[in-house]
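Step one of this worksheet: look at the structure below.
The values are calculated or read from the model by the stated rules, or taken from the named source; none is laboratory data. What you see is a predicted model, and the numbers here were worked out from it, not measured in a lab. Methodologically, a virtual Cβ is constructed for each residue, glycine included, from the backbone with ideal geometry; neighbour enumeration extends over all protein chains shown.
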Amino acid sequence: MNKVILDKPDMPYRVIQEQLIPKFSIGQTVYRACVRYIKGNAKCPHCSGTNILHGITNNGREFQADCKFCRSYKAKAAPVEEIVSKILITKHYIEYSVNTGVYYREGELFATKAEAMPRSKELAKGINNRNIT
């Protein structure tokens, strides 16, 4: 599979491969639909409400895992501001690497916080309904 990675601001943003044109550009601020886990006014103490635990293995590799402690906390819509650092264009999709190094598909990122909020609320509602059962 052919891949084009844009990771330098001076590279052209309008690379066309199978008619895929990036919606966002390197250095642009985007918003990711996300939730925070809270109990009253307190965030989960294990992951600071992100539902992601960060760790390091014995060989020094960093990893992320879902926080199982958040089950007793309520999910609240909270879009997260990110900065696009790389763009990956394949034959079938476009992904954006953000300042955390994680890649997200184009549909998972939004141009404004207001655009990300409905998806964040949808995620929170689904999580809160799942935690009830």
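A few comments on the model shown:
- In the set (1) outside the structural domain of residue 22 (by TED's automatic domain parsing); (2) in contact (Cβ under 8 Å) with a residue 24 or more places away in the chain, residue 58 fails one condition alone, (2).
- Identity of the residue in segment 54-102, surrounded by 15 or more Cβ atoms within 10 Å (Cβ to Cβ) and among the basic types (Lys, Arg), that ends up nearest to residue 124 (Cα to Cα): 76
- Positions within segment 117-133 being under 13 Å from the mean Cα position of the chain (by Cα) and either under 18 Å from residue 25 (Cβ atoms) or surrounded by fewer than 20 Cβ atoms within 10 Å (Cβ to Cβ) (or both), in sequence order: 119, 123
- Single residue of segment 1-46 satisfying the filter (hydrophobic (A, V, I, L, M, F, W, C) and at pLDDT 80 or above) that is farthest from residue 80 (Cα to Cα): 21
- Of the candidates 108, 115, 81, 95, the single residue that is touching a strand residue (DSSP E or B) at 6+ places or on another chain (Cβ under 8 Å) and free of Cβ contacts under 8 Å to residues at least 12 places away in the same chain is 95.
- The lone criterion from (1) under 27 Å from residue 129 (Cβ atoms); (2) assigned by TED's automatic domain parsing to the domain that holds residue 128 left unmet by residue 100 is number (1).
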